Amino acid sequence: MIRLEQEPRPRRAKALGVYLGMGVIAFALTGGVFAAYGVSPWEVYRALLEGTLGERQGLAEVLRRTLPLLLIGGGLTLAFRVGFFNIGAEGQLLMGAVGGTAVALFLPPGALSLPLMFLAGAVAGGLWALPAAWLRSRVDVNEILTTLMLNAVAGSFVLYLVSGPWRGEQVQGYTYTDAFPDAASLPVLGDTLVHWPTGVLGAVLALALQVLLTRTSLGYALRVVGASPRAARYAGLPTGRVVLLTGLLSGGAAGLAGVGEVAGIHHRLLDPTQLSLGYGFTAIIVAWLARGHPALVLLTAPLMGVILAGGDLLKISFNMPFRVIDVFSGVLLLCLISGEALARYRVRWGR
């Protein structure tokens, strides 16, 4: 007779083996999707790796997509560690872009333009997460639902701005604002779209959040609230304020990413579907893979950057729809989550 027994603390070697096995299953399942499309999976994976990591332009595309994931992923890792499941990073990114655009368009350009844009973006993103955090802390409303719905509201708000009051004077029917002045544009690496200051900001933020979480008394409170809210309340920790602070920090990080996109790539506010390639949702995978350690997004964000950049390659090289990459990342996340459950069980034979 075969039965499963729970193993609260699985061995690291076992957990690593399970995750690797589930990763192989994810690639096999996605390969089945490619094969059903009429393309050899081996050919797809080879093209994806060579076109992203093996070429200069491909590597630049990987870095470009890694930049917002670094910032958003770091904030979400902190939020998930506290048990605040913020699914609204996409909307917070958009609101951060709105905050940065307001500074670029309506304040005199100068040396302080970019710092003020990032400050305004962080504030806007954080405030956009605040209602969900407040509802969760005061009346225990599920933050997954509230943050998810706020995404749609943010997208509609941006669309209203770029097609209404903020619409450019000479855009000839397009829905975007006027271009930012030079002082409100981020420098890039060579002829690429890699706006390197955003990357530096993302790396510093990830390391700072790691130090906050592991080396400070506030971080201890955050970890206790995340591990056991009841125990935290019993110990007298201000769980409500901790959740509010977490919402502000994670939303603010996503807001910074929004500023990076408008100031580093587009140089204007535009339709939300063109502003973000779903970075807020992809960063959920980045944060989950980091397993509660913000510094690990320095590894997991580039991994997802490769997958996102590979989507363009598949579209061009094999005439595939870009959304096939969503299938890829979704299957990968599903398999890894399943692996977490499997790692906590062991097979027993006999009665």
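Please return the longest stretch of the chain lacking exposed loop sites, where GluC sites (Glu not before Pro) count only if DSSP places them in a loop and at most 15 other Cβ atoms lie within 10 Å.
Numbers: sites that count: GLU55, GLU169.
Longest site-free region, per DSSP loop and neighbour criteria: 170-351.
Note the listed values (1) 1.00; (2) 0.97; (3) 1.09, then indicate which one is Rg/Rh (Cα atoms, Kirkwood Rh) calculated from this particular structure.
Computing Rg/Rh (Cα atoms, Kirkwood Rh) and matching it to (1) 1.00; (2) 0.97; (3) 1.09 gives (1).
Relative contact order (percent) for the chain, with alpha-carbon contacts under 8 angstrom and 6 or more residues of separation? Provide the component values of the computation, followed by the final result.
Numbers: 621 pairs, mean separation 126.5, N = 351.
Once normalised by length, the contact order is 36 percent.
Show that you can apply the helix-only estimate: for the chain, add -39,500 (n - 2.57) for every DSSP H stretch of four or more residues, divide by all residues, and state [θ] at 222 nm to the nearest 500. Walk me through the numbers on the way to the answer.
Numbers: 14 runs with 248 residues, N = 351.
Only helices count here, giving -24000 deg cm²/dmol.
Taking only complete DSSP H runs, can you tell me which helices of the chain stretch 18 Å or more along their own long axis by Cα positions and average at least 0.5 on the Kyte-Doolittle scale? If you can, show how the numbers build up before the last one.
Values: long enough: 12-36 (36 Å, 1.38); 56-82 (39 Å, 0.74); 89-106 (25 Å, 1.24); 113-139 (39 Å, 1.11); 143-163 (30 Å, 1.56); 196-215 (28 Å, 1.40); 239-261 (33 Å, 1.04); 297-318 (30 Å, 1.67); 324-343 (28 Å, 2.00).
Taking the DSSP H segments of the chain (at least 18 Å long, mean hydropathy at least 0.5), we get 12-36, 56-82, 89-106, 113-139, 143-163, 196-215, 239-261, 297-318, 324-343.
I want to check the label-to-label distance for LEU189 and GLU5. Put each point 7 Å from Cα in the C-beta direction and report it in nm to one decimal.
5.1
Take LYS14 and ARG56, extend 7 Å from each Cα along the Cα→Cβ direction, and tell me the distance between the two endpoints in nm.
According to this spin-label approximation, the distance is 5.0 nm.
Give me a comma-separated list of calculated 3J(HN,Hα) values for the stretch 170-185, in order, Karplus coefficients 6.51, -1.76, 1.60 applied at θ = phi - 60°, integers in Hz, x for any Gly or Pro.
10, 9, 6, x, 7, 9, 7, 8, 5, 5, 5, x, 4, 5, 9, 10
Report, to the nearest whole %, how much of the accessible area of the stretch 114-265 belongs to carbon and sulfur atoms, 1.4 Å probe, protein only.
Numbers: 4930 of 7580 Å².
Of the solvent-accessible surface of the stretch 114-265, carbon and sulfur hold 65 percent.
How much length would be gained if the chain were fully extended between ALA28 and ALA111, taking 0.36 nm per residue of separation minus their Cα-Cα distance, in nm to one decimal? If you can, show how the numbers build up before the last one.
Working: separation 83, 0.36 × 83 = 29.88 nm, distance 5.15 nm.
Length gained between ALA28 and ALA111: 24.7 nm.
Could you report the stretch 61-317's accessible area per residue, 1.4 Å probe, as an integer in Å²?
Values: 10760 Å² over 257 residues.
In whole numbers, the stretch 61-317 has 42 Å² accessible per residue.
Starting from the stretch 281-351, pick out the chymotrypsin sites (Phe, Trp or Tyr not before Pro) whose DSSP state is loop and whose Cβ has at most 15 other Cβ atoms within 10 Å.
Sites meeting the loop and neighbour criteria: PHE322.
In the stretch 258-338, what trypsin sites (Lys or Arg not before Pro) fall in a loop by DSSP, with at most 14 other Cβ atoms inside 10 Å? Walk me through the intermediate numbers first.
On the way: sites: ARG268, ARG291, LYS315, ARG323; in loops: ARG268, ARG291, ARG323.
Passing both the DSSP loop test and the Cβ count: ARG291, ARG323.
Please work out the C-alpha center-to-center distance from the stretch 114-155 to the stretch 283-349 and express it in whole Å.
Going from one Cα centre to the other spans 25 Å.
The values are calculated or read from the model by the stated rules, or taken from the named source; none is laboratory data. As the structure is a prediction and not an experimental result, all values here were calculated from the model. Cβ atoms come from the backbone with ideal geometry, glycine included; neighbour counts cover every protein chain shown. These accessible areas exclude ligands, DNA and RNA; they are computed on the full protein's heavy atoms, side chains included. Shrake-Rupley method; radii C 1.70, N 1.55, O 1.52, S 1.80 Å.
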